[in-house]
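Peer 1: Mind looking over this structure? Questions follow.
The values are calculated or read from the model by the stated rules, or taken from the named source; none is laboratory data. Note that the structure is a prediction, hence the values are computed from the model and not measured. Here the Cβ positions follow ideal geometry from the backbone for every residue, glycine too, while neighbour counts run over all protein chains shown. Quick note on the areas: whole protein, heavy atoms, side chains included, nothing else; ligands and nucleic acids left out. Shrake-Rupley method; radii C 1.70, N 1.55, O 1.52, S 1.80 Å.
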Amino acid sequence: MRLYKMELYKICSKKFFIIGVICVIGLVLLKFSLQVMDEEATVNGTSYIGFRAIKVNREITEEFKGIITDEKIEKIVEKYGLPSKVERGWGYFRDANFLNQFVLDYCSNGYIHSENDYKIATEIFPIADSLGKAEELTGKGVVLEYYHGLEAFLEVLSFGMVLGSILVIISLSGIFAGEGQTKMLPLLFTTKEGKTRDVYAKIAAALTVTIGVWMGIFFLDLVLCGIVYGFDGMHCYNGMVLYYLFPSEEYLIPMYEYMAKAILLNFFGIVSLCFMTISISAFYKSSFSAIITAAVWYAAPVLAMMFIDGFYGIARLLAAAPVFMVIYRIVDDIYQIWLMLIWITIIVSLFCAKIAYRKYNRQIV
């Protein structure tokens, strides 16, 4: 326990770790603020932006929560009309709110692709002719709830975890390499605790820091989105929340299921990055060399994807790379094999831990 506390302190007390934590928190707050400022709502001729728009959209949606019906669609159009205001430089109708935008997208003949390519809705379609195919595939009605909070949560989480991954690489690359660089190996290898306990303490401390980084970002995002947006929309489909509700299996995943998969993949992705980083560190006696090598290994799957046309066939296994696991949109490509990816990360993590233990333990002082 004493060695573990010492190793934990060595990681967390370094200036670049403290500065990194502050920078990650600041950038996550900035990203969240930008998400909030993107929200707009127009109700009864009055336009709202940012936090006020979120509040208005949440309030007007309460009346229509639940399975969407033709009666609800008609009432929404009667009460709020349909968006029609086009302004130069804007690629969407400027007089929309959450409800009439939903009607425009799914139950009308209107659309807008740009300020020069749009059509103001003149006809409302019944549910059977619009969302009916999705209902046929699922055997359930389509649920309407205010779901912008879920999208904001996932966007901020992915952004934060990419920053967290960079912090993990920088913080942990020197956990073994740093001892050779500072000439501490002769002292560490002749202590009463010996090399073995030192390795265990380093691995435990590295894992603690990684989980701490993940929890910090996760709970910061959770609290921010919960306070500002709320978490309605769990029974909506991922197609509605994140893309468009196409009548296809990959767009008809309930958000409570989609969120659970994204969060689990996110967690195991950053944990596997921890073990990959410390295993690389064990091969070097220079922290700088270990950081560069770990960064190259982290980014390599992205370069590989440039030569592969998406996650198809055997290439789906590439999604187990930490750089992809922390991005929530990976769920769309691997939702059928997501458990396999988790098992891959567990096996890789254990293998890397063993490599780190053996390599560091066998170093000659």
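Peer 1: Exactly which chymotrypsin sites (Phe, Trp or Tyr not before Pro) in segment 90-143 are in a DSSP loop and have at most 14 other Cβ atoms within 10 Å?
Peer 2: Details: sites: Trp90, Tyr92, Phe93, Phe98, Phe102, Tyr106, Tyr111, Tyr118; in loops: Trp90, Tyr92, Phe93.
Sites meeting the loop and neighbour criteria: Trp90.
Peer 1: Using the Karplus curve 6.51 cos²θ - 1.76 cosθ + 1.60 with θ = phi - 60°, what ³J(HN,Hα) values do you get for each residue of segment 320-326, in whole Hz, with x for Gly and Pro?
Peer 2: Working through the residues one at a time gives 6, 5, x, 4, 8, 4, 7 Hz.
Peer 1: For each pair in Lys10/Lys359; Lys85/Lys140; Lys31/Lys72; Lys31/Lys359; Lys75/Lys261; Lys72/Lys119, compute the distance between the two Cα atoms and list the pairs where it is over 32 Å. The partial results should precede the final answer.
Peer 2: On the way: Lys10/Lys359 21 Å; Lys85/Lys140 34 Å; Lys31/Lys72 34 Å; Lys31/Lys359 40 Å; Lys75/Lys261 36 Å; Lys72/Lys119 23 Å.
In this structure, Lys85/Lys140; Lys31/Lys72; Lys31/Lys359; Lys75/Lys261 lie more than 32 Å apart at Cα.
Peer 1: I'd like to know which of Tyr4, Gly20, Thr42 lies farthest towards the positive end of the charge dipole of segment 1-46, counting +1 on Cβ of Lys and Arg and -1 on Cβ of Asp and Glu.
Peer 2: Tyr4
Peer 1: In segment 282-357, which chymotrypsin sites (Phe, Trp or Tyr not before Pro) are in a loop and have at most 10 other Cβ atoms within 10 Å, using DSSP for the loop call?
Peer 2: Phe307, Tyr312
Peer 1: Helices from the chain with mean Kyte-Doolittle at least -0.5 and a Cα length along the axis of 20 Å or more, per DSSP H: which?
Peer 2: The answer, listed by residue number, is 15-37, 148-172, 194-228, 255-281, 287-305, 338-361.
Peer 1: Which is farthest toward the positive dipole end of the chain among Ile291, Tyr80, Leu30, measuring Cα position about the Cα centre, with Cβ charges +1 (Lys, Arg) and -1 (Asp, Glu)?
Peer 2: It is Ile291.
Peer 1: List the lysines whose alpha-carbon lies under 17 Å from that of Lys79, not counting same-chain residues fewer than 8 positions away?
Peer 2: Lys65
Peer 1: To continue, here is another question. Could you give the C-alpha radius of gyration of the chain expressed as a fraction of 2.2 N^0.38 Å, taking N as the number of residues it contains?
Peer 2: Working: Rg = 24.9 Å, N = 365, 2.2 N^0.38 = 20.7 Å.
Taking N as the residue count of the chain, the ratio is 1.20.
Peer 1: Give me the 1.4 Å probe accessible area per residue for the chain, excluding ligands and nucleic acids, in Å².
Peer 2: In whole numbers, the chain has 49 Å² accessible per residue.
Peer 1: From the helices alone, meaning DSSP H stretches of at least four residues, give me the mean residue ellipticity at 222 nm for the chain, per-run term -39500 (n - 2.57), in deg cm²/dmol to the nearest 500.
Peer 2: Per the formula, -20500 deg cm²/dmol.
Peer 1: With a/c under 1.5 counting as rounded, go ahead and sort segment 43-95 into rounded, prolate or oblate using the C-alpha gyration tensor (a ≥ b ≥ c being the square roots of the eigenvalues; past the cut-off, prolate if a/b is larger than b/c, else oblate).
Peer 2: Because a/c hits 1.5 or more and a/b fails to exceed b/c, segment 43-95 counts as oblate.
Peer 1: Can you find, among Gly174, Leu144, Val103, the residue sitting farthest towards the positive end of the charge dipole of the chain, where Lys and Arg contribute +1 and Asp and Glu -1 at Cβ?
Peer 2: The Cα lying farthest towards the positive end belongs to Gly174.
Peer 1: Gap in Å between the Cα centre of segment 257-278 and the Cα centre of segment 314-365?
Peer 2: Here the two parts' Cα centres lie 9 Å apart.
Peer 1: Give a quick list of trypsin sites (Lys or Arg not before Pro) in segment 262-365 that DSSP marks as loop, anything other than H, G, I, E or B, with at most 12 other Cβ atoms within 10 Å.
Peer 2: Counting only loop positions with at most 12 other Cβ atoms within 10 Å, the trypsin sites (Lys or Arg not before Pro) in segment 262-365 are Arg362.
Peer 1: Related question: When the C-alpha atoms of segment 221-299 are aligned to their principal axes, what extent does each axis show, in angstrom, from largest down?
Peer 2: 53, 32, 16
Peer 1: With only Lys, Arg, Asp and Glu charged, each at its Cβ (+1 for the first two, -1 for the last two), find how big the charge dipole of the chain is about the Cα centre; round to the nearest 20 debye.
Peer 2: Numbers: 32 positive and 34 negative charges, 614 e Å.
With Lys and Arg at +1 and Asp and Glu at -1, about 2960 debye.
Peer 1: Considering only protein heavy atoms and a probe of 1.4 Å, how much of the accessible area of segment 91-170 is carbon and sulfur, as a whole percent?
Peer 2: Carbon and sulfur together cover 51 percent of it.
Peer 1: Same structure again: How many angstrom lie between the Cα centre of segment 1-32 and the Cα centre of segment 216-242?
Peer 2: Cα centres, segment 1-32 to segment 216-242: 26 Å.
Peer 1: Continuing with the same structure: Each residue of segment 130-136 in order: what ³J(HN,Hα) in whole Hz does its phi give by Karplus 6.51 cos²θ - 1.76 cosθ + 1.60, θ = phi - 60°, with x for Gly and Pro?
Peer 2: Running phi through 6.51 cos²θ - 1.76 cosθ + 1.60 with θ = phi - 60° gives 10, 8, x, 5, 5, 5, 5 Hz.
Peer 1: Something else now. Which far-off residues, 5 or more places away or on another chain, put their amide H under 5 Å from the one on Leu144, with H placed in the peptide plane?
Peer 2: Here Gly66, Ile67, Ile68 satisfy the definition.
Peer 1: Round to a whole number: what % of the accessible area of segment 278-324 belongs to carbon and sulfur, probe 1.4 Å?
Peer 2: 76
Peer 1: I would also like to ask the following. In whole Hz, with x marking every Gly and Pro, tabulate ³J(HN,Hα) for segment 39-45 from phi via Karplus 6.51 cos²θ - 1.76 cosθ + 1.60, θ = phi - 60°.
Peer 2: For segment 39-45, the Karplus-derived couplings read 6, 9, 7, 10, 9, 6, x Hz, x marking Gly and Pro.
Peer 1: If exposed means no more than 16 neighbouring beta carbons inside 10 Å and the site is in a DSSP loop, what's the longest run of the chain without any exposed GluC sites (Glu not before Pro)?
Peer 2: No qualifying site falls inside 194-365, the longest such stretch.
Peer 1: Cross-link candidates for Lys133: which aspartates and glutamates have Cα within less than 13 Å, leaving aside residues fewer than 8 places away along the same chain?
Peer 2: Lys133 reaches Glu249.
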